[in-house]
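First the structure, in the form of structure tokens, and then the observations on it.
The values are calculated or read from the model by the stated rules, or taken from the named source; none is laboratory data. Source: prediction; values computed, not measured. Side chains included, ligands, DNA and RNA excluded: accessible areas come from the protein's heavy atoms. Shrake-Rupley method; radii C 1.70, N 1.55, O 1.52, S 1.80 Å.
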Amino acid sequence: MQPAEEVGGDYYDVLAQNHGLIHLGIGDVTGHGLESGILMLMTQTAIRTLIEHGETDPIAFLATLNRTVYKNIQRMKMDRTLTLSLVMYRAGTLKIFGQHEELLIVRHNGRVERVSTSNLGFPIGLQQEIASLVSELSVSLVPGDGIVLYTDGITEAESPAHHLYGIERLYDVLSRTWRNSAEIIKQTVISDVTQHIGDQKVYDDITLVVLK
């Protein structure tokens, strides 16, 4: 994660639980700066609490998180919400829920599959009850497959000529470099985005998570 200001509003996490269960999350608070950073920290704490409590039902997880964040936003009179996708991984199966940018499944041969999250949830903190709007999607992985999570600070990064980096360029870099480790893939994508931006001011937080 590379914040646009001293305090960023992007959220990501990778948290291991008992019995081989791994939680991954990616989120983007509206705006950036101190208020967005505070909301991101609230969200991270609430997610960690639900995981420590052992909540594994996606609808209950996201609905409880949303109510907690919504009430805090109302209490603090903040004008912020966030998109958020969460992933539970165990034994080759991903459970994806929550609304954010598309998730990318990259197969062992470098083929990229797009996973829309628009019907898997609702922005967090916008309304009090979202349980009826949450659903989950299961995806199977085999050795060499993986998942890529990102915020729009990557796809909407502008060049000096005001051209967006775009999702297609991200696909291309991932496909070409997928034979490497997750760390090298991550570094290659970020280097390519940085090259695209040039000496432009960075206007949005940039966050990328690669699981292989």
Subject >> the chain - accessible surface per residue (Å², probe 1.4 Å) >> reply: 48
**OP:** Heads up, I need the accessible area for residue 57: 1.4 angstrom probe, whole protein in place, Å², nearest 10.
**Re:** 70
Original post:
Taking 0.36 nm per intervening residue step and subtracting the Cα-Cα distance, what contour gain separates residue 21 from residue 60 on full extension?
Top reply: 12.3 nm
Subject >> Sulfur and carbon atoms: percent of accessible area, the range 75-159 [1.4 Å] >> reply: 47
**OP:** State, as an integer percentage, the relative contact order of the chain based on alpha-carbon contacts under 8 Å between residues 6 or more apart.
**Re:** 22
